[in-house]
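Novice: First the structure, then my questions, so here it is.
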Amino acid sequence: MKGLILAAGRGSRIRGLGESKPLIKIAGRPIIEHVLATSVDAGIDDVTIVTGHREDALRDHVRRFASRNALAVTFISNFDLNKENGHSAWLAKDRIQETFVLLMADHLFDKSILQSLIEKQPGPGEIILAVDFRLRGNNLVNLEDVTKVAVENGRITAIGKTLACYNGFDTGIFLCTPALFAALEDSRRTGDTSLSGGIRVLAGRGRARAMDIGAHDWIDIDDEEDLRKAQTLLGQKG
């Protein structure tokens, strides 16, 4: 199973805590190492990582991790950090031609989520998003920043940070066919370079499915409060 990890962003809200957000340590390990270790444990053995901001240090660390864990790694540079994260994903279009897992370098998650997702079979031209349907009492989710999704009969009908009517949260954990790249291209033509833009294109075609993550934990690390929560979460599991 191949993986694509988006790690190009500046991480401006916590930039002062490390040379790049993926290298900030939580529970003694850089964030990117948590993501990679979980991926390897779930069965991913080949990853493409899109880097950008201060990419040299990040690449050096990933190479060292990969050499210790028999992980094949390819790097792609994003030279236009003014575009949104869909641009980073789109840059991998010539590298990946089969079903793959798409992850964010700043999202930590329970291995069980990824294992369950990998067991799914996307149909032709589909993607499957791991969705958190726990809208109440979910203290790991920042409601002001999280991407919301509306799901009906197992299919995503809408997605976005400002969505008014929603019943789930986007965990940033996807199982994708290469159709994602064509959808991102269609979204780019309208001026939308976000990943959600590409998912909206697929949702409009009935090609975006949802998988319920149940009670498993995940967290998107954007600020110091998220770092504190992640530290507590990993400490409890450790």
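Novice: Build a GNM of the chain with springs between Cα atoms under 10 Å: which of 188, 68, 54 gets the top mean-square fluctuation?
Specialist: The residue with the greatest mean-square fluctuation here is 68.
Novice: Continuing with this model, one more query. Which whole-Hz couplings ³J(HN,Hα) result when phi for each residue of region 110-121 is put into the Karplus expression 6.51 cos²θ - 1.76 cosθ + 1.60, θ = phi - 60°, listed in order with x for Gly and Pro?
Specialist: Computed from phi, the couplings for region 110-121 are 5, 4, 4, 4, 5, 4, 5, 5, 4, 6, 6, 10 Hz.
Novice: Next up: Which one, 212, 45, 145, has the greatest fluctuation when you compute a Gaussian network model over the chain with C-alpha springs under 10 angstrom?
Specialist: Per the Cα network of the chain with a 10 Å cutoff, 145 tops the list.
Novice: Checking the cross-link filter: which lysines have an alpha carbon closer than 17 Å to that of residue 25, excluding same-chain neighbours under 8 positions apart?
Specialist: 229, 237
Novice: Report the label-to-label distance for residue 112 and residue 46 in nanometres (one decimal), using points 7 Å from each Cα along the Cα→Cβ vector.
Specialist: 3.0
Novice: In region 36-184, what percentage of the DSSP-assigned beta bridges are antiparallel, given to the nearest 5?
Specialist: DSSP beta bridges in region 36-184 are roughly 70 percent antiparallel.
Novice: Enumerate the amide H contacts of residue 131 below 5 Å, restricted to partners 5 or more residues apart or on another chain; note that Pro and chain-start residues carry no placed amide H.
Specialist: Amide H to amide H, under 5 Å and 5 or more residues apart or across chains, residue 131 pairs with 211, 212, 213.
Novice: So what is the diffusion coefficient of region 42-198 in µm² per second by Stokes-Einstein at 37 °C and 0.692 mPa s, using a Kirkwood Rh over Cα pairs? Display every interim value, and only then the final one.
Specialist: Working: Rh = 16.8 Å.
Estimated via Stokes-Einstein, D reaches 195 µm²/s.
Novice: So, by mean Cβ neighbours within 10 angstrom, what's the order for 83-96, 149-162 with the highest one leading?
Specialist: Answer by packing, highest mean first, reads 83-96, 149-162.
Novice: While we're looking at this one, here's another question. With the Cα gyration tensor of region 50-107 giving a ≥ b ≥ c as the square roots of its eigenvalues, does the rule (a/c under 1.5 for rounded; else a/b larger than b/c for prolate; else oblate) give rounded, prolate or oblate?
Specialist: It is oblate, given that a/c is not under 1.5 and a/b is not larger than b/c.
Novice: Under a point-charge model restricted to the Cβ atoms of Lys and Arg (+1) and Asp and Glu (-1), what is the dipole moment magnitude of the chain relative to its Cα centre, in debye to the nearest 20?
Specialist: Value, rounded to 20: 80 debye.
Novice: So what J values fall out for region 32-39 if you push phi through Karplus, 6.51 cos²θ - 1.76 cosθ + 1.60 with θ = phi - 60°, rounded to Hz, Gly and Pro as x?
Specialist: 4, 5, 4, 5, 5, 4, 5, 5
Novice: Another one. Taking 8 Å as the Cα distance limit and 6 or more residues as the minimum spacing, I'd like the relative contact order of the chain as a percentage.
Specialist: 24
Since every read-out is calculated from the coordinates, none of them should be taken as a lab result. Just so you know, these numbers come straight off a predicted model, no measurement behind them. Note that we place each Cβ from the backbone using ideal geometry, even for glycine, and neighbour counts take in every protein chain shown.
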